[in-house]
Structures are given as structure tokens and as C-alpha cells.
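What follows is a short report on a single structure.
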Amino acid sequence: MFQPGVVWRDSAGQPINAHGGGVLFHHGIYFWYGCHKIEGLSEAADADGGVRAYASRDLVNWHDFGMVLPLDGRGDEDLRHGCIFDRPKVVFHARTRQFVLFFKFYVKGHGSRVGFVGVATSRSPAGPFVYQHKFLGGNSPEGTGDFALFQDDDGALYHLAVRKPDKAFVVGKMSDDYLMPEGAYQVAEGITRHTEAPAVIKRDGRYWMLASDSTGWDPNAARSFSAPTIFGPWTSHGNPCEGINPHNGLGSELTFGGQSASIITLADRPDACIAFFDINKPDHPFDSLYVWLPISFAGGRMSIRWRDRWSLDVFAAE
């Protein structure tokens with residue numbers, strides 16, 4: 001059973017430590033990748049430790065695969081403790097047989113004015129991943145902030161992100177090998193400015209996005225959009241959340257205290273989707289929590305209703 005908003009433990013009984021993450025299905029196994037937070041450190045004190053991975057066959061019980069991309073660089077290397085590192089996502093490239101990891105990245109000592117996207121690769125979903133390079137997305141010298149990666153039916157990969165410094169939402173296609181942007185980005189018509197934490201799926205030929213407002217670590221109301229193409233035009237459908245998180249008393253107007261990280265699609269049910277939110281605790285990020293809830297689609301909009309406990313059987317009933 002899923003129990004949103006409480007401590008989620010792995011098969012060894014330890015709290016799952018994979019924040020701002022995403023889930024990849026490969027050869028019968030789900031892999032959950034997220035940012036490892038260092039116990040005892042705050043976000044202000046550089047709590048990011050790299051990417052941690054977990055594996056599961058049922059999305060409920062997870063085995064810890066450990067650190068697959070640690071921040072252990074030395075000297076002037078990019079990946080070293082003290083950089084800002086967040087929201088890792090992994091996709092599989094069928095032709096190159098590589099697993100490509102992307103992450104939001106700010107260089108140590110340079111603050112958050114210029115936002116890079118870091119890229120690492122592996123021959124195995126269990127890692128280890130090898131850092132390749134970083135790039136500036138959005139056709140901006142200041143890059144991008146929060147982003148989503150969407151792999152379309154034809155294998156094309158798209159980078160969707162909030163652009164710096166104007167906070168416009170932009171979409172760009174990645175190169176055939178997925179390692180760099182292919183060309184110019186387009187402003188996504190209809191997406192509200194300051195839209196962060198995007199997650200994108202495709203359902204019945206239409207693109208759907210779950211996202212948030214921009215209020216730092218503080219929760220806000222979720223946003224939802226849909227479009228006939230990945231570039232738009234996007235139609236706003238408002239806040240899809242309903243109900244109250246009884247563990248903190250926060251309702252839909254604050255997304256149960258969380259922020260969207262990704263959307264998980266069941267391997268055997270492409271119409272069955274799970275919204276993945278993080279409840280961020282910036283003073284104690286190691287103690288941050290997860291909220292996974294089923295998404296319903298009806299009346300031309302998505303709906304995410306709070307449930308204290310639920311199982312995948314909920315999809316069979318819809």
C-alpha cells in the first residue's frame with residue numbers, strides 16, 4: 001500500500017533518500033532516481049550529495065542501489081560538494097543503449113544566477129553514471145531552472161524548462177544522441193510565467209503537464225495544462241489537487257505541502273499515472289517526505305485527490 005506523506009522506508013528499513021526524482025521502467029524493473037540529501041545538513045549548508053537509485057518490481061517495495069553519481073569531485077571539477085544539484089531524471093536511448101541522466105546544476109561558488117543542465121551516462125540503469133558535461137538551455141546565457149524531460153513516441157527527447165532570467169517557459173528538442181540541445185528553444189504558448197517543477201506525459205495523443213508556482217522552498221498551488229503538441233498551445237486547467245493532507249493539515253491550495261517532481265506511468269497500463277510530489281524540508285532535507293497519488297482524467301482535466309492509503313488496484317476500478 002502507498003501511504004502518502006509519511007516516512008517511506010526501503011527494503012533494509014532505511015528512509016528512502018531520493019528527492020526531486022523520477023522513475024524509469026526497464027526490463028521489468030522500476031528504477032527511482034533522486035537527489036541524495038546528506039543527513040544533518042540544511043539546504044543552505046549544501047545538503048546535496050549526488051544521485052541515489054532504488055529498484056522495485058511493484059512501485060511499493062524498494063531496494064537501495066546506493067549512490068550512482070556522487071558529488072565527490074576534487075579541485076575544479078564540476079561535481080563536488082557545495083554545488084547546487086537537483087531534480088535528476090533518467091531516460092534510455094534505444095539506439096546508443098545508453099541511460100542518460102540529466103540534473104539541474106549550479107556551479108559551486110557562483111550562486112543560482114546561471115542554471116546549467118548536467119549530463120551523465122551509463123550502460124546500466126543501476127549505474128554507475130559517468131559525468132559528461134553541462135549545457136545552458138533555453139537559448140539564454142543564464143540558462144534554465146526547473147525542467148522536465150519528455151521522450152515522445154518516436155524517440156525524440158524534449159527539454160521543457162523555466163528560462164532565466166525572465167521566467168518564461170520554453171521547450172527545446174534534444175539532439176539525436178540526447179546529449180545536447182539540437183537548436184533553438186520556443187516559448188510555450190499558454191504556460192504561465194514562473195511555472196516551475198514541470199512533469200509531462202502524453203495521453204491519447206494529447207500532452208499533459210503538472211507543475212507549480214515559483215515560491216522557493218515554500219509550497220504553493222499546483223498547476224495543470226494540456227496541449228495538442230509539445231510546443232503548445234497549452235491550455236490551463238487550474239489546480240488539479242483535491243483534499244487535505246492530515247499529517248500537516250495542508251490542503252489543495254498548498255499542494256498538500258508538496259511540489260511536483262514527476263509523473264510515473266505504469267508499465268502495463270499506459271493510461272494509469274501517479275503524481276510524484278516532494279514535501280520539502282529545507283532546514284532538514286534528509287527528513288523530506290514523498291506524496292504519490294493516482295491521477296484521474298475526466299471532463300477534460302486531470303484530478304489528484306488525497307488518499308491516506310491506496311494501492312494500484314485503484315486503477316482497475318476506473
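The values are calculated or read from the model by the stated rules, or taken from the named source; none is laboratory data. This one's a predicted model, so the numbers in the text were calculated from it and none came from an experiment. Quick reminder, even Gly has a Cβ in these numbers, built from the backbone with ideal geometry, and neighbours come from all protein chains shown.
Conditions tested, residue by residue: (1) over 18 Å from Gly21 (Cα atoms); (2) of a type in the set (Lys, Arg).
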{"position": "Arg80", "(1), (2)": "yes, yes"}
{"position": "Ile84", "(1), (2)": "no, no"}
{"position": "Val90", "(1), (2)": "no, no"}
{"position": "Val107", "(1), (2)": "yes, no"}
{"position": "Arg113", "(1), (2)": "yes, yes"}
{"position": "Val119", "(1), (2)": "no, no"}
{"position": "Arg123", "(1), (2)": "yes, yes"}
{"position": "Ala148", "(1), (2)": "no, no"}
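Looking at (1) surrounded by fewer than 23 Cβ atoms within 10 Å (Cβ to Cβ); (2) outside any loop (DSSP other than H, G, I, E, B), which is the only condition Gly190 fails?
Only one criterion is unmet by Gly190, namely (2).
I'm checking my understanding of the structure. Among residues of region 137-164 that are among the hydroxyl-bearing types (Ser, Thr, Tyr) and assigned to a strand (DSSP E or B), which one is surrounded by the most Cβ atoms within 10 Å (Cβ to Cβ)?
In the first step, residues of region 137-164 are kept if they are among the hydroxyl-bearing types (Ser, Thr, Tyr); the result is 140, 144, 158.
Keeping just the survivors that are assigned to a strand (DSSP E or B) gives 144, 158.
Numbers: Thr144: 26, Tyr158: 20.
The extreme case among them is Thr144.
Looking at Lys108, Lys89, Lys134, Lys167, which is the one that is in contact with a Phe, Trp or Tyr (Cβ under 9 Å, 6 or more places away or on another chain) and either surrounded by fewer than 23 Cβ atoms within 10 Å (Cβ to Cβ) or not in a strand (DSSP E or B) (or both)? Walk me through how you get there before you give the answer.
Numbers: Lys108 fails: in contact with a Phe, Trp or Tyr (Cβ under 9 Å, 6 or more places away or on another chain); Lys89 fails: either surrounded by fewer than 23 Cβ atoms within 10 Å (Cβ to Cβ) or not in a strand (DSSP E or B) (or both); Lys167 fails: in contact with a Phe, Trp or Tyr (Cβ under 9 Å, 6 or more places away or on another chain).
Of the residues listed, the single one that is in contact with a Phe, Trp or Tyr (Cβ under 9 Å, 6 or more places away or on another chain) and either surrounded by fewer than 23 Cβ atoms within 10 Å (Cβ to Cβ) or not in a strand (DSSP E or B) (or both) is Lys134.
Only residues that are in contact with a Pro (Cβ under 6 Å, 6 or more places away or on another chain) and either under 16 Å from Gly118 (Cα atoms) or among the hydrophobic types (A, V, I, L, M, F, W, C) (or both): list them for region 36-55, please. Walk me through it before giving the result.
Start the filter on region 36-55 by keeping residues that are in contact with a Pro (Cβ under 6 Å, 6 or more places away or on another chain), which leaves 37, 43, 47, 50-51.
Across region 36-55, the qualifying residues are Ala47, Gly50, Val51.
Within region 70-122, restricting attention to residues that are at pLDDT 95 or above and on the phi > 0 side of the Ramachandran plot, which residue is farthest from the chain's Cα centre (by Cα)?
Arg97
Among the residues of region 4-48, which ones are in a strand (DSSP E or B), touching an Asp or Glu at 6+ places or on another chain (Cβ under 9 Å) and under 17 Å from Phe103 (Cα atoms)? Step through it out loud before you land on a result.
Of region 4-48, the ones in a strand (DSSP E or B) are 9, 15, 19-26, 29-37, 48.
Filter once more, keeping what is touching an Asp or Glu at 6+ places or on another chain (Cβ under 9 Å): 15, 19-21, 30, 34-37, 48.
Hits for region 4-48 are His19, Gly20, Gly21, Gly34, Cys35, His36, Lys37, Asp48.
Between Lys173, Lys202, which is within 25 Å of Ala120 (Cβ to Cβ) and in a strand (DSSP E or B)?
Working: Lys202 fails: within 25 Å of Ala120 (Cβ to Cβ).
Of Lys173, Lys202, the one residue that is within 25 Å of Ala120 (Cβ to Cβ) and in a strand (DSSP E or B) is Lys173.
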